[in-house]
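Step one of this worksheet: look at the structure below.
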Amino acid sequence: WVAYKKVKLYTNAFVILNDAKVLLGYKKRGFGTGLWNGFGGKVDPGETPLQAAVRELEEEAGIEAPLEHCGVLFFVVDGADAAFHIDIFRADEYTGTVSETDEMRPEWFSVQKELLPLTNPQTTADHDHDHAANPQATEEEGPEPETEGLPLPDIPLKQMWADDEFWMPLMFSRRFFVGRADFDADDKMLKWWFAAAPAS
Ligand code: 6OG
């Protein structure tokens, strides 16, 4: 047992358009430099996590979005005097102009099929098969995913925190998730578990 003196509250926010593309930021300085991530930071005293998430998205990407709470992460790091609690938020839309800041270089990435969904992985072949088996599902149904500007690069999982590949598929599937990961002092992820509610 380790008795932590405190828990530090953070936020992380993602804009996901048409379930097809997600805005990530390349962290140019500070914690996580050189990694791609959602936009976020510390919850300031007197702020709710939602207020902090809205503020950080504006500060780091220059946009406003109707953020919704979509998951919770809890990190423990060897040797750290605090544990980290990160509220994850998502939005399907935004207003403003996505802009690079001193801290983050924003870029759109395509939400890969293989990340969707974690609990029911589908290969392209499986997907075709499902489609063929359901004659009701015609190409005409539903709005077309946004294709302007595509193809976009795939989500750069190798340049992201190691936990991300486990919960991002849950976020893309609209399943509220909770997760815990234990890191050593060199940021290597030693142990983890993730759990999710059914899709909302
Ligand atoms: P600033 O230093 O920019 O806040 N963060 C993590 N995000 C993920 N996906 N995995 C982790 O695994 C993380 N640890 C921290 C929270 C840091 C930002 O980085 C996020 C904040 O959005 C260990 O103020």
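The values are calculated or read from the model by the stated rules, or taken from the named source; none is laboratory data. Note that the structure is a prediction, hence the values are computed from the model and not measured. So basically every Cβ, Gly included, is an ideal-geometry build from the backbone, and we count neighbours across all protein chains shown. The accessibility values were calculated without ligands, DNA or RNA, using every heavy atom of the protein model including side chains. Shrake-Rupley method; radii C 1.70, N 1.55, O 1.52, S 1.80 Å.
How much length is gained on full extension from Gln51 to Arg29, taking 0.36 nm per residue of separation minus their Cα-Cα distance? Before the final figure, lay out each step's value.
Numbers: separation 22, 0.36 × 22 = 7.92 nm, distance 2.27 nm.
Length gained, Gln51 through Arg29: 5.6 nm.
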**Fill in**
Note: probe point = Cα of Lys191 + 7 Å toward Cβ; backbone nitrogen < 17 Å; residues of segment 72-98 passing the test are 74-80, 83-84
**Request:** Could you work out how far apart the two model spin labels at Lys42 and Ala162 are, taking each label as a point 7 Å from the Cα in the direction of the beta carbon, and quote it in nm?
**Result:** 2.6
**Item:** Accessible area of Leu35 in the full protein assembly, 1.4 Å probe (Å², nearest 10)
**Value:** 40
**Message:** Just to verify a number: FRET efficiency for Ala82 and Ala199, C-beta to C-beta distance, R0 = 35 Å, to 0.05?
**Reply:** 0.60
**Prompt:** Which lysines have a Cα lying under 27 Å from the Cα of Lys158, excluding residues fewer than 8 positions away in the same chain?
**Reply:** Lys8, Lys21, Lys27, Lys28, Lys42, Lys113, Lys188, Lys191
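Can I get the semi-axes of segment 154-198's equivalent ellipsoid? Compute them from the C-alpha gyration tensor as square roots of 5 times the eigenvalues, in angstrom, largest first. Write out the running numbers ahead of the final one.
Numbers: eigenvalues 82, 43, 5 Å².
Sorted largest first and rounded, they come to 20, 15, 5 Å.
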**Message:** I'd like to check one number: the per residue accessible area of segment 1-104, probe 1.4 Å, reported in Å² as a whole number.
**Reply:** 49
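For segment 1-93, what is the convex hull (Cα atoms) projected area averaged across all directions, in square nanometres? Can you show the working numbers first?
Working: hull surface 27.4 nm².
Projected area, direction-averaged: 6.9 nm².
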**Request:** Give the carbon-plus-sulfur fraction of the accessible surface of segment 2-102 in %, rounded to a whole number; probe 1.4 Å, heavy atoms of protein chains only.
**Result:** 52
